[in-house]
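Remarks on the structure that follows.
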């Protein structure tokens, strides 16, 4: 979701005539799009803000903008306003569409301030004061001006952070990260209120786009050489759109409709909540040719007791039954997941349940996280927080199992021929291409960069924990 928001911000600026700087130090504007899911992201954000002060001192015209989920938290926004005076623009997740106008507002305020300062200077002309060392160079003058501008940037600062926004703004441009695949938001916000999660407080309540708008966007993307779309939402399978005739659509209705879009080759989605994974959606994996044989299905914990404290609304047994149904319908489906280690109150027995579930499910891959306290969430107030040393020890044990499962799953691909959507040149070196199988496996293989965007047969020749190697066979 944050990546797609960044694409939208870049697209809006490009539409206004701005260009991406090829080197960081060459930029006139820095935009930091923040995420609140984990504490490490918060720390990196404030560290980066400190680094940008140096650019402001060197270039008083430099513009620093901060946005995203962190800005939707009042205590974070107040900290930025009070402690980081060189930040020029602050906006949240609900008013991204206003950013270009905010930028113009900033420039207008700066121009007005500069005009006033110039008049004041003309009225009080005199010798430039020297410092204690007697220095009075233009460099010293420029440095003092820069320091003043850093301190006074908040005089022209533009701040717009909404609690929530009722309407969905359609038609925003995007500068895509990938040429032949694209993210497509189908809904915004979340109603689940998992006890550890800040997202409902930063992204707001669920709002679904009209199905016609989604289908039109996908058709336009296909006309622009996109072959694969990933449908995005905090919980995509709770999608409830209403069309122009007043008919309500669920997520599976949308999948079937997109499966009929000419020229579209692949459909993916994330993230999906187990409590809303219906039998009809499972059936769509069988009946919709374009729906990839891959699902990201976060479990978060293997203990029913911990799941209840997380407010996940399903049990361990219910989750295992969903996986059974998926694999019965689509035997070669790839399944990835999210798991939180060290949730408050997690006992060693609870954690053992998570290890046993991981062993039983045999995931293709997993995002594993140490529990991170998020201010404003119910779990932050739980008194039985787990010591960091225990969290890390458990985390390492889980990662060992997950990596072994990933190696085993990937090794099974060796000798098989897979259809791969070629994304472009690989980071592995010159002459190498990279792409994804239907099951979302990353494959590197020799080939011509001109093949980007094509779906070609690749024979898998080798594997490791996180990717595959292969060779084109047609």
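Using a Förster distance of 30 angstrom, determine the FRET efficiency expected from the C-beta separation of residue 177 and residue 308, and round it to 0.05. The calculated FRET efficiency here is 0.20. Size descriptor for the chain, Kirkwood hydrodynamic radius: 25.1 Å (Cα pairs only, one decimal).
With each label modelled as a point 7 angstrom along the Cα→C-beta vector, the residue 98-residue 169 pair spans 0.8 nm. Treating each Cα of the range 293-412 as an identical point scatterer and summing with the Debye formula, the log10 of I(q)/I(0) at q = 0.12 Å⁻¹ comes to -0.43.
Value of Rg to Rh for the range 417-472, rounded to two decimals, is 0.91; Kirkwood radius and Rg both from alpha-carbon coordinates. For the chain, what relative contact order do you get, as a whole percent, if you take Cα pairs closer than 8 Å and at least 6 residues apart? Result for the chain is 11 percent. Its residue count N fixes a reference of 2.2 N^0.38 Å for the range 176-291, and the Cα radius of gyration divided by that reference is 1.06.
The convex hull drawn around the Cα atoms of the range 336-474, when projected onto a plane and averaged over every direction, covers 10.4 nm². Applying 1/(1 + (r/R0)^6) with R0 = 60 Å to the Cβ-Cβ distance of residue 105 and residue 416 gives a FRET efficiency near 0.60.
Size descriptors for the range 14-73 (Cα atoms only): Rg and Dmax, in that order, 12.8, 35 Å.
Here the spin labels are modelled as points 7 Å beyond Cα on the Cα-Cβ line, and at residue 338 and residue 467 they lie 2.5 nm apart.
Counting only DSSP beta bridges with both residues in the chain, the antiparallel share comes to about 40 percent. The simple Förster model, with R0 at 60 Å and r as the Cβ-Cβ distance, assigns residue 51 and residue 279 a FRET efficiency of 0.70. Looking at the range 176-291 alone, DSSP beta bridges between its own residues are antiparallel in about 30 percent of cases. Taking other C-beta atoms within 10 Å as the exposure proxy, 210, 187, 70 rank 210, 187, 70 from fewest upward. Within the range 221-359, the percentage of alpha carbon pairs spaced more than 17 angstrom apart rounds to 63%.
Highest mean packing comes first when the peptides 13-19, 236-242, 286-292 are listed by Cβ atoms within 10 Å, giving 236-242, 286-292, 13-19. Across all Cα atoms of the range 1-105, the radius of gyration (one decimal) and Dmax (whole number) stand at 13.2, 35 Å. Take every Cα pair under 8 Å whose residues are at least 6 apart in sequence, average their separation, divide by the length of the range 176-291, and the relative contact order is 27 percent. Model label sites at residue 81 and residue 403, defined 7 Å from Cα along the beta-carbon direction, differ in position by 4.6 nm.
Laboratory data are not the source of any read-out in this text; all were calculated from the coordinates shown. From a predicted model like this one, the values you see are computed outputs, not experimental measurements. Cβ coordinates were reconstructed from backbone atoms using ideal geometry, including for glycine residues, and neighbour counts include every protein chain displayed.
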